[in-house]
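Report on one structure; see the data block that follows.
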Amino acid sequence: MKKVTLWFEVLAAIVAVTILQASAGAAPAQPTLNPAGGAYPHGVWVKITTTPGAHLRFWIVGYPVFVETVGASAQVWVPTSPPPGGTNLKAKAFTGVSVRVYSSAAVGIYYSQ
């Protein structure tokens, strides 16, 4: 009886994972950064957008935190820094709650002029 019960528990777990993966759906579009990375005299406000219905996760490389939005757009102040490093802004879009599906990352490097 133990083997039958264990078999049903394993089967139930497989079905649950399959349902969660199916409900997560396809990955949203890669976010766009406007303006794109480049040389700017000072810091710059960057608008990040993605597929309607998706959410955003973005961060500045080297900073200890990231931001997640509820919605498909956000605006962030990006300080510029001198070449060759610049300031790296990265953003990914995601859908789903318990099982997230992420887009590929958008990357912008912002330099001071």
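Nothing in this text is a laboratory measurement; each read-out follows from the coordinates by a stated rule. Not measured: the values here are computed from a predicted model.
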For A29, other-chain or 5+-apart residues with amide H closer than 5 Å (H placed, Pro excluded) are T51
Scalar couplings 3J(HN,Hα) for the range 37-52 by Karplus 6.51 cos²θ - 1.76 cosθ + 1.60 (θ = phi - 60°), nearest whole Hz, x for Gly and Pro, are x, x, 9, 9, x, 9, x, 9, 7, 10, 9, 10, 9, 8, 4, x
Applied in sequence order to the range 81-97, the curve 6.51 cos²θ - 1.76 cosθ + 1.60 (Karplus, θ = phi - 60°) yields integer Hz couplings, x standing for Gly and Pro, of 9, x, x, x, x, x, 10, 9, 9, 10, 9, 10, 9, 8, 10, x, 10
